[in-house]
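Undergrad: Sending over a structure as structure tokens; questions will come in a sec.
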Amino acid sequence: MYKYDTYDHQMVRERIAEFRDQVERRIDGRLTEDQFKPLRLMNGVYLQLHAYMLRVAIPYGTMNSAQLRVLGRIAREYDKGYGHFTTRTNIQYNWPALTDIPDILDELAAVEMHAIQTSGNCIRNVTTDPFAGAAADELEDGRPWAEIIRQWSTFHPEFTFLPRKFKIAVNGASEDRAGLRVHDIGLQLVKNEAGETGFEVWVGGGQGRTPRLGHRIRDFLEPRDLLSYLTAILRVYNQHGRRDNLYKARIKMLVEAIGPEEFARQTEAEWDEIRDSNLVLPAEEIARIRAFFDEPPAATGSAIPATGRADFAAWLRRNRRDHKVEGLSSVVISLKPIGGTPGDITDVQLEAVADLAEKFGFDEARATPDQNLVLPHVRNSDLEAVFDGLVAAGLATANAGLATDIVACPGLDYCALANARSIPIAQSISNLIEAEGLSDQVGDVTIKIDGCINACGHHHVAHIGVLGVDKRGEEFYQITLGGNFGKDASIGNIVGKGLAGEDVPAAIVRALNTYLEIRNEKERFIDTLRRVGPDAFKESIYAAA
Amino acid sequence: MKTITANRLTDGRVIYRTAEGEWTEDLARAERLADDATAEARLAEAEAEPAIAVGPYLIEIEDDAPGGQKWRREGIRLTGPTTGSTKTVNASRKAA
């Protein structure tokens with residue numbers, strides 16, 4: 001894991017001191033709210049329906065046990081005993097007092113964490129595959145590249161006031177678990193014909209009001225050129241992005257307006273001017289950053305345990321993943337208990353995960369875009385002990401990737417932007433699917449729910465998406481079908497008129513039953529949907545509405 | 001009928017303005033404003049107190065509870081997240 005150097009520590013400490021002063025000046029009236037709001041947002045502090053919300057950055061989703069314990073203590077001491085993991089692999093606290101936030105930031109800084117650039121029109125938290133450095137299908141670990149981008153983009157003076165927020169993802173595996181095609185920039189690690197590693201560059205994807213899939217604008221970018229090429233892309237965007245229209249300000253709208261070929265041409269022209277500048281990444285610097293991300297040692301002879309325990313076997317089947325290193329596995333810690341709030345975790349659970357990561361997980365855990373956690377490196381001989389620890393903590397739900405592994409934004413229960421609630425819909429769907437005993441029968445399917453069109457809950461790229469809308473004070477929910485987050489990314493299509501909240505769970509259950517009736521052998525939900533089209537599913541969704 | 005709500009500067013909690021010009025978390029103690037001119041005048045007073053309340057605005061009140069088209073949003077602000085219950089999601093306005 002990356003360790004802060006002197007500069008990192010100094011930057012974060014100075015930023016906290018600055019923010020502490022800004023809070024004091026706001027409280028005593030020297031700053032107005034209009035003056036203060038952009039300052040607090042730059043430090044991850046939002047004002048939501050009930051309270052302030054603090055969004056803490058988790059760079060590329062990676063945490064160690066000391067950090068997890070501090071996250072738990074903050075939940076207990078400054079909040080209401082829980083935090084909420086987001087689809088951007090950050091954690092949010094829903095109830096901190098403004099007057100406590102500088103102290104919270106001090107606690108975070110002590111374990112090399114902060115809330116910088118978790119809001120505002122800047123480059124946000126860089127994400128990668130939550131199984132990076134562990135996945136059996138990995139070409140190369142994406143984390144060192146995400147860290148290089150994090151260092152380059154933090155407090156970057158040229159890119160602090162972009163037309164709109166900007167999200168970058170890196171993926172190093174053959175399967176895309178970072179969602180490259182729905183990012184402003186997606187970087188896929190690839191090998192060229194000479195066997196050298198570099199990046200495929202995708203630009204102009206995103207969700208929100210106008211979901212778009214990104215376009216590949218370069219097939220191969222040498223690692224040395226990573227920062228100069230990113231700079232070129234951002235300069236084209238910074239110059240031509242629509243600052244006059246909030247709804248057209250993201251890079252996806254610029255790429256669409258001028259076309260991906262023209263965007264690529266302008267990027268290449270800009271790049272020609274700077275490619276041999278001081279933005280070139282020296283091989284020594286790449287090696288220095290890579291050295292922070294060592295692979296764990298092989299555990300030769302450590303086999304996946306045979307077990308007579310049905311609960312452990314079910315958890316292994318759903319929540320264990322193959323690891324690139326012999327004798328190790330990765331495991332998903334589901335934050336989706338049946339009927340629970342997706343992504344929520346208590347202070348005690350954060351500490352339990354810290355203990356397991358420290359004892360059995362090479363001191364590392366990850367947050368995922370699905371609002372779950374991962375222990376990326378676990379010896380196979382320790383899997384049962386990890387499972388027992390998760391059972392004790394209430395974190396052993398064996399549903400990773402199943403229909404009850406639902407993603408949901410905070411929605412109208414917390415968010416000032418939301419039009420409708422998300423979490424109670426997720427809870428109702430989860431409860432009904434469980435009651436019907438459908439999860440294991442249906443297998444892999446993604447259900448994602450949003451309370452507004454900003455799509456923090458990623459409903460556009462769900463096999464079954466749910467979007468809450470408000471019609472004269474009543475909540476309605478549009479169902480989308482056919483979205484996908486992975487390598488064959490797609491945007492879901494709305495199937496018809498919105499449903500009342502009370503009708504959504506049964507409608508989804510009917511769609512899942514339709515799949516069971518018409519699927520071919522070993523065909524996933526999304527495969528069946530793509531084969532037969534949406535009509536049969538649409539019919540079942542509205543069958544009793 | 002209307003009243004004025006905001007978030008408290010120090011901790012962000014939901015507050016309502018009383019007839020005495022103070023702020024309370026108890027909606028029952030909030031001033032009821034029957035006519036638009038008075039409501040706008042009171043709102044202007046509240047906006048002049050930025051060191052206590054952030055972003056004051058008027059909401060509709062019906063039968064001592066938030067009303068109008070924003071009734072659900074303001075109801076959630078008043079009583080907190082509904083995430084502990086899966087029943088309330090199914091409630092229409094009448095049932096709620």
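Undergrad: Quote to one decimal, in nm, the extra length available between A:Asp137 and A:Ala291 on full extension: 0.36 nm per residue of separation minus the C-alpha distance between them.
TA: Length gained between A:Asp137 and A:Ala291: 53.3 nm.
Undergrad: Please compute, for peptide A:116-129, the average count of beta-carbon atoms on other protein chains lying within 10 Å of each residue's beta-carbon.
TA: Mean partner shielding for this stretch: 0.
Undergrad: Considering only A:Gly133, A:Phe387, A:Ile447, whose Cα is most displaced toward the positive end of the charge dipole of chain A, charges sitting on Cβ of Lys, Arg (+1) and Asp, Glu (-1)?
TA: A:Ile447
Undergrad: What GluC sites (Glu not before Pro) does region A:180-257 have in DSSP loop regions with at most 14 other beta carbons within 10 Å?
TA: Numbers: sites: A:Glu193, A:Glu196, A:Glu200, A:Glu256; in loops: A:Glu193, A:Glu196.
Counting only loop positions with at most 14 other Cβ atoms within 10 Å, the GluC sites (Glu not before Pro) in region A:180-257 are A:Glu193, A:Glu196.
Undergrad: Right, another one. About its Cα centre, how strong a charge dipole does the protein assembly as shown have in debye, to the nearest 20, once Lys and Arg get +1 and Asp and Glu get -1 at the Cβ?
TA: 1160 debye
Undergrad: Can I ask one more? How many Cβ atoms of partner chains, on average, are near each residue of B:71-82 if near means within 10 Å of its Cβ?
TA: 5
Undergrad: Using 0.36 nm times the number of residues separating A:Ile304 and A:Val391, minus their current alpha carbon distance, what extension gain do you get?
TA: So the chain would gain 29.5 nm between A:Ile304 and A:Val391.
Undergrad: Oh, and also: Suppose a student asked you for the relative contact order of chain A, using Cα pairs under 8 Å spaced at least 6 residues apart; what percent would you report?
TA: 13 percent
Undergrad: How large is the charge dipole for region A:274-423, taken about the Cα centre, if only the Cβ atoms of Lys, Arg (+1) and Asp, Glu (-1) carry charge, to the nearest 20 debye? Display every interim value, and only then the final one.
TA: On the way: 14 positive and 21 negative charges, 105 e Å.
Value, rounded to 20: 500 debye.
Undergrad: May I have the pair-distance distribution P(r) for the protein assembly as shown, computed from all Cα-Cα distances with 20 Å bins from 0 and rounded to whole percent?
TA: 19, 53, 27, 2, 0
Undergrad: So for B:Leu78, A:Leu180, fewest C-beta neighbours within 10 Å to most, what's the order?
TA: Arranged by neighbour count, lowest to highest, B:Leu78, A:Leu180 become B:Leu78, A:Leu180.
Undergrad: With point charges of +1 on the Cβ of Lys and Arg and -1 on the Cβ of Asp and Glu, referenced to the Cα centre of chain A, which listed residue (A:Phe360, A:Ala298, A:Val56) lies farthest in the positive direction of the dipole?
TA: Towards the positive end, the residue furthest out is A:Val56.
Undergrad: If you count, for every residue in A:415-425, the Cβ atoms of partner chains within 10 Å of its Cβ, what is the mean?
TA: 4
Undergrad: Can you list residues whose amide H is under 5 Å from A:Met53's amide H, if they're 5+ apart or on another chain and H is modeled 1.01 Å from N?
TA: Residues meeting the criterion, in which the H sits 1.01 Å from N, are A:Tyr46, A:Leu47, A:Gln48.
Undergrad: Which value in nm describes the separation of the simple spin-label points at B:Glu25 and A:Glu222, placed 7 Å from the Cα toward the beta carbon?
TA: 6.2 nm
Undergrad: Related question: Please work out the C-alpha center-to-center distance from region A:21-40 to region A:120-170 and express it in whole Å.
TA: About 30 Å separates the Cα centre of region A:21-40 from the one of region A:120-170.
Undergrad: Also: Can you give the helix-only mean residue ellipticity at 222 nm for chain A, where every DSSP H stretch with n ≥ 4 adds -39500 (n - 2.57) and the sum goes over all residues, rounded to the nearest 500 deg cm²/dmol?
TA: -11000 deg cm²/dmol
Undergrad: May I pose another question? Given a cut-off of 18 Å, name the pairs among A:Lys471/B:Lys70; A:Lys3/A:Lys165; A:Lys167/A:Lys336 whose C-alpha atoms lie farther apart than that in the structure shown.
TA: A:Lys3/A:Lys165; A:Lys167/A:Lys336
Undergrad: Further question on the same structure: Among B:Asp36, A:Asp141, A:Asp21, A:Asp184, what is the fewest-to-most ranking by other Cβ atoms within 10 Å? Spell out each step's value before the answer.
TA: Working: B:Asp36 10, A:Asp141 23, A:Asp21 13, A:Asp184 26.
Ranking B:Asp36, A:Asp141, A:Asp21, A:Asp184 by Cβ neighbours within 10 Å, fewest first, gives B:Asp36, A:Asp21, A:Asp141, A:Asp184.
Undergrad: Further question on the same structure: Just the isolated ones, please: cysteines in chain A lacking another cysteine beta carbon under 4.7 angstrom.
TA: A:Cys122, A:Cys415, A:Cys452
Undergrad: Tell me which aspartates and glutamates have Cα within less than 14 Å of A:Lys522's Cα, excluding those fewer than 8 residues away on the same chain?
TA: A:Asp440, A:Asp444
Undergrad: When the chain is fully extended, how far beyond the present Cα-Cα distance does A:Ala269 get from A:Lys522, taking 0.36 nm per residue of separation?
TA: 86.3 nm
Undergrad: Taking other Cβ within 10 Å of each residue's Cβ, how do A:Leu213, A:Leu512 sort, fewest first?
TA: Lowest to highest Cβ neighbour count: A:Leu213, A:Leu512.
Undergrad: Mind checking the angle between helix B:36-47 and chain B's longest principal axis? C-alpha axes, 0 to 90 degrees, to the nearest 10.
TA: So the helix axis and the longest Cα principal axis differ by about 80 degrees.
Undergrad: Percentage of Cα-Cα pair distances in chain B greater than 16 Å, rounded to whole percent?
TA: When all Cα pairs of chain B are counted, 54 percent exceed 16 Å.
Undergrad: Okay, next question. At 10 °C and a viscosity of 1.306 mPa s, what translational diffusion coefficient does Stokes-Einstein give for region A:51-138, taking Rh as the Kirkwood radius over Cα pairs? Give it in µm²/s as a whole number.
TA: Numbers: Rh = 13.6 Å.
After rounding, the answer is 117 µm²/s.
Undergrad: With respect to the cross-link table entries A:Lys37/A:Lys248; A:Lys448/A:Lys538; A:Lys448/A:Lys487, which display a Cα-Cα separation exceeding 26 Å?
TA: Long pairs (Cα-Cα over 26 Å): none in the table.
Undergrad: Still on this structure, I have one more. Charges only on Cβ, +1 for Lys and Arg, -1 for Asp and Glu: so what's the dipole of region A:105-262 about the Cα centre, in debye to the nearest 20?
TA: I would put it at about 980 debye.
Undergrad: Below 8 Å between Cα atoms, with a sequence gap of 6+, how large is the relative contact order for region A:226-335 in percent?
TA: Over region A:226-335, the number comes to 23 percent.
Undergrad: Provide the per-residue ³J(HN,Hα) series for region A:39-48, in order, calculated from phi with Karplus coefficients 6.51, -1.76, 1.60 and θ = phi - 60°, each as a whole number of Hz, with x at glycine and proline positions.
TA: Computed from phi, the couplings for region A:39-48 are 6, 5, 4, 5, 10, x, 9, 9, 10, 9 Hz.
Undergrad: With label points built 7 Å along Cα→Cβ from the Cα atoms of A:Met11 and B:Asp36, find their separation and express it in nm.
TA: 5.2 nm
Read-outs throughout are calculated quantities, based only on the coordinates presented, and are distinct from any laboratory measurement. Computed from a predicted model, the values in this text were never measured in an experiment. Counting neighbours? That spans all protein chains shown, and the Cβs are built from the backbone with ideal geometry, glycine included.
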